[in-house]
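Undergrad: Here it is, the structure, as structure tokens.
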Amino acid sequence: MIKRIGVLTSGGDSPGMNAAIRAVVRSALARGIEVMAIEDGYKGMVEGKMRLMERRDVSDIILRGGTIIGSARLPEFKELAVREQAVAMLKSNGVEAVVVIGGDGTYRGAMALTAMGINCIGLPGTIDNDVPSSDYTIGFDTALNTVIEAIDKLRDTSSSHHRCSVVEVMGNHCGDLALFAGLSCGAELIITPEQGYVESEVLEKIRHLDEVRKKRHAIVVISEKITDANALAQKISTVSSFSGRATVLGHIQRGGSPTAFDRVLATRMGDYAVELLANGVGGHCVGMIDNEITSMPIDDALALPRRDRTALHALHERLI
Ligand code: ADP
């Protein structure tokens, strides 16, 4: 029977990571397994920054955004010698297995560690919803609600000033945050990496909304890393009677207290990860598929195609 596990958060932080840490700690202790928090992701693992956690150490964190154990990026973790150092640190601290919370980069690290004899289980902690082995990632729902609140406010001022608001949201090459936010806010246009971007077509659609549909305002939600939102807003001002204004939401999307959905998701997933490790499973990642908490090998998860969102985009088109 496994005696001691570790838990870490890695890559970009997301609301609900703390709820997952709490679940891992308390679920392990309830099963008679000790838990060490590893600070600052794989960086802290290599440096041996880890401490034993008691039940009380995770009191009052379920409602807090961010991660109380810190997160970091360590590109050198791809190097075998660096991972060997990490394995030595884990062994000297008696840590036999680890729950890692992060995105697909974090999953790759977990797979590499498992191949070196340290069983790892990955939990999807990212606001981007870009991990196809789970219908939803921990933090997506909270970020989505943050985005919606901001867009609803922009709508008020847009309609008062015959404005076209271009709102850039995060997503890291995944359009889910833009798509779900656009659907939730009744945006006129949703631009995502999956649907592609042709500037002339976007400007033509805006002109149509302005001249033919006589819209008082228009909201364009666009995923980050597609085009410069400010430049797009300027062009909209040039080709239509709208005054184009860009808002780049940035890191406010990452913060805040997790929603009930994210807290429950993180809690269920954290508990499941401990159960897997207690059963000797490693190299898997946990996901929620059709409301069931499940797991699959990380290499299968990383090979999954992106989700097809064509039907949701078509639904949006019908409602504009
Ligand atoms: P995310 O987990 O959110 O995708 P990153 O891509 O930054 O974030 O990955 C987080 C960390 O995971 C990296 O800083 C690195 O330490 C580790 N990592 C990423 N890719 C690999 C890999 N191929 N092998 C080993 N470790 C990796």
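The values are calculated or read from the model by the stated rules, or taken from the named source; none is laboratory data. This is a predicted model, so every value here is computed, not measured. FYI the Cβ positions are ideal-geometry reconstructions off the backbone, even for glycines, and counts take in every protein chain you see.
Undergrad: For region 190-212, name all the residues that are more than 23 Å from the chain's Cα centre (by Cα) and of a type in the set (A, V, I, L, M, F, W, C).
TA: Passing the criteria: V198, V202, L203, I206, L209, V212.
Undergrad: Still on this structure, please answer the following. In region 270-307, what residues are in contact with a Phe, Trp or Tyr (Cβ under 6 Å, 6 or more places away or on another chain) and either part of a helix (DSSP H, G or I) or on the phi > 0 side of the Ramachandran plot (or both)?
TA: I298
Undergrad: To continue, here is another question. Working only within region 51-86, note down all residues that are over 26 Å from G255 (Cβ atoms) and in a strand (DSSP E or B).
TA: Scanning region 51-86 gives a single hit, L52.
Undergrad: Which of the residues that make up region 263-275 are touching a residue at least 40 places away in the same chain (Cβ under 8 Å) and either surrounded by fewer than 21 Cβ atoms within 10 Å (Cβ to Cβ) or more than 12 Å from N119 (Cα to Cα) (or both)?
TA: Of everything in region 263-275, those that are touching a residue at least 40 places away in the same chain (Cβ under 8 Å) and either surrounded by fewer than 21 Cβ atoms within 10 Å (Cβ to Cβ) or more than 12 Å from N119 (Cα to Cα) (or both) turn out to be R263, L265, A266, T267, R268, M269, G270, D271, E275.
Undergrad: Just for region 137-179: of the residues that are at pLDDT below 95 and among the hydroxyl-bearing types (S, T, Y), which one is surrounded by the most Cβ atoms within 10 Å (Cβ to Cβ)?
TA: S158
Undergrad: Continuing with the same structure: Say we look at region 1-14 and pick out the residues that are part of a loop (DSSP other than H, G, I, E, B) and within 14 Å of the ligand (Cβ to nearest atom); which of these is surrounded by the fewest Cβ atoms within 10 Å (Cβ to Cβ)?
TA: G12
Undergrad: Hey, another quick one. Kindly provide the set of residues from region 40-64 that are away from the ligand (no atom under 12 Å from the Cβ) and either of a type in the set (D, E, K, R) or surrounded by 19 or more Cβ atoms within 10 Å (Cβ to Cβ) (or both), ordered by number.
TA: Within region 40-64, E47, K49, M50, R51, M53, E54, R55, R56, D57, V58, D60, R64 qualify.
Undergrad: Next question. For A314, are the conditions met, namely being aliphatic (A, V, I, L, M), farther than 19 Å from G102 by Cβ and without any contact (Cβ under 8 Å) to a residue 12 or more places away in the chain?
TA: yes
Undergrad: Quick one: how many residues across region 110-125 are in contact (Cβ under 8 Å) with a residue 60 or more places away in the chain, in a helix (DSSP H, G or I) and out of contact with any Cys (no Cβ under 8 Å at 6 or more places or on another chain)?
TA: Counting residues in region 110-125 that are in contact (Cβ under 8 Å) with a residue 60 or more places away in the chain, in a helix (DSSP H, G or I) and out of contact with any Cys (no Cβ under 8 Å at 6 or more places or on another chain) gives 1.
Undergrad: Any residue at all in region 72-85 that is in contact (Cβ under 8 Å) with a residue 24 or more places away in the chain, more than 9 Å from the ligand (Cβ to nearest atom) and surrounded by 23 or more Cβ atoms within 10 Å (Cβ to Cβ)?
TA: no
Undergrad: Examine region 25-37 for a residue that is of a type in the set (S, T, N, Q), under 12 Å from G270 (Cβ atoms), within 14 Å of the ligand (Cβ to nearest atom) and outside any loop (DSSP other than H, G, I, E, B), and state whether such a residue exists.
TA: No, region 25-37 contains no residue that is of a type in the set (S, T, N, Q), under 12 Å from G270 (Cβ atoms), within 14 Å of the ligand (Cβ to nearest atom) and outside any loop (DSSP other than H, G, I, E, B).
Undergrad: Any idea which residue in region 87-104 is farthest from the ligand (Cβ to nearest atom), counting only those that are surrounded by fewer than 16 Cβ atoms within 10 Å (Cβ to Cβ) and not in a loop (DSSP other than H, G, I, E, B)?
TA: Among those residues, the one meeting the criterion is S92.
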